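A.B. asks: The structure follows.
The values are calculated or read from the model by the stated rules, or taken from the named source; none is laboratory data. Because the structure is a prediction, the values reported are computed rather than measured. Ideal geometry is used to build each Cβ from the backbone, glycine not excepted, and the neighbour counts take in all protein chains shown.
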């Protein structure tokens with residue numbers, strides 16, 4: 001695990017991995033066309049922590065991100081998703097708007 005400190009620009013070589021991962025999900029149609037959550041991958045906020053303005057923690061491998069997401073999920077009692085970042089070469093974990101806590105929504 002490391003903190004990526006690159007200038008945020010989409011790396012299109014990561015797009016292939018990202019789109020492949022999205023279509024593996026059972027909820028791919030819903031994520032793209034109903035909730036629109038999948039389109040968040042193109043937002044800079046998929047790479048930057050909104051509270052600190054710093055890049056999110058980057059995991060080199062899907063498996064290490066998955067372990068961290070499971071631990072955070074148990075600690076915070078909510079679901080965390082793993083996704084390939086379009087801006088850096090790693091994976092991040094996060095929550096979509098459907099499973100944000102009141103702290104995430106209000107910052108308090």
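A.B. asks: Output the residue which, of all residues in segment 65-87 that are assigned to a helix (DSSP H, G or I) and touching a residue at least 12 places away in the same chain (Cβ under 8 Å), is nearest to residue 24 (Cα to Cα). If you could, list the steps in order and put the result at the bottom.
C.D. replies: In the first step, residues of segment 65-87 are kept if they are assigned to a helix (DSSP H, G or I); the result is 65-76.
Within this subset, residues satisfying the condition of being touching a residue at least 12 places away in the same chain (Cβ under 8 Å) are 65-66, 68-69, 72, 76.
Numbers: 65: 17, 66: 16, 68: 21, 69: 18, 72: 23, 76: 26 Å.
Restricting to residues being assigned to a helix (DSSP H, G or I) and touching a residue at least 12 places away in the same chain (Cβ under 8 Å), the top hit is 66.
A.B. asks: Next question, about the same structure. List the number of the failed condition for residue 37; all other conditions in (1) within 13 Å of residue 96 (Cα to Cα); (2) at pLDDT 85 or above hold.
C.D. replies: All conditions are met except number (2).
A.B. asks: Any idea which of (1) modelled with pLDDT under 85; (2) part of a helix (DSSP H, G or I) is the one residue 7 doesn't satisfy?
C.D. replies: (2)
A.B. asks: Against the condition farther than 15 Å from residue 14 by Cβ and in contact with a strand residue (DSSP E or B) (Cβ under 7 Å, 6 or more places away or on another chain), how does residue 94 come out, does it pass? Show your work before the answer.
C.D. replies: Numbers: farther than 15 Å from residue 14 by Cβ: yes; in contact with a strand residue (DSSP E or B) (Cβ under 7 Å, 6 or more places away or on another chain): yes.
The answer is yes for residue 94.
A.B. asks: Kindly provide the set of residues from segment 42-64 that are under 16 Å from residue 86 (Cβ atoms), out of contact with any helix residue (DSSP H, G or I) (no Cβ under 6 Å at 6 or more places or on another chain) and part of a helix (DSSP H, G or I), ordered by number.
C.D. replies: Once the filter is applied, which keeps residues that are under 16 Å from residue 86 (Cβ atoms), out of contact with any helix residue (DSSP H, G or I) (no Cβ under 6 Å at 6 or more places or on another chain) and part of a helix (DSSP H, G or I), segment 42-64 yields 42, 44, 45, 62.
A.B. asks: Mind checking which residues of segment 89-108 are assigned to a helix (DSSP H, G or I) and either at pLDDT 85 or above or surrounded by 11 or more Cβ atoms within 10 Å (Cβ to Cβ) (or both)? Working first, answer last.
C.D. replies: Quick first cut of segment 89-108, residues assigned to a helix (DSSP H, G or I) only: 97-99, 102-106.
Answer for segment 89-108, where residues must be assigned to a helix (DSSP H, G or I) and either at pLDDT 85 or above or surrounded by 11 or more Cβ atoms within 10 Å (Cβ to Cβ) (or both): 97, 99, 104.
A.B. asks: Any residue in segment 18-44 that is within 18 Å of residue 62 (Cβ to Cβ) sitting within a Cβ distance under 6 Å of a residue that is in a loop (DSSP other than H, G, I, E, B) and at pLDDT 85 or above? List the pairs, counting only those 6 or more apart or interchain.
C.D. replies: Going by the 6 Å Cβ cut-off, the qualifying pairs are 18/86; 41/86.
A.B. asks: Out of segment 55-88, which residues are modelled with pLDDT of 90 or more and more than 12 Å from the chain's Cα centre (by Cα)?
C.D. replies: The answer is 60, 61, 63, 64, 67, 68, 70, 71, 72, 73, 74, 75.
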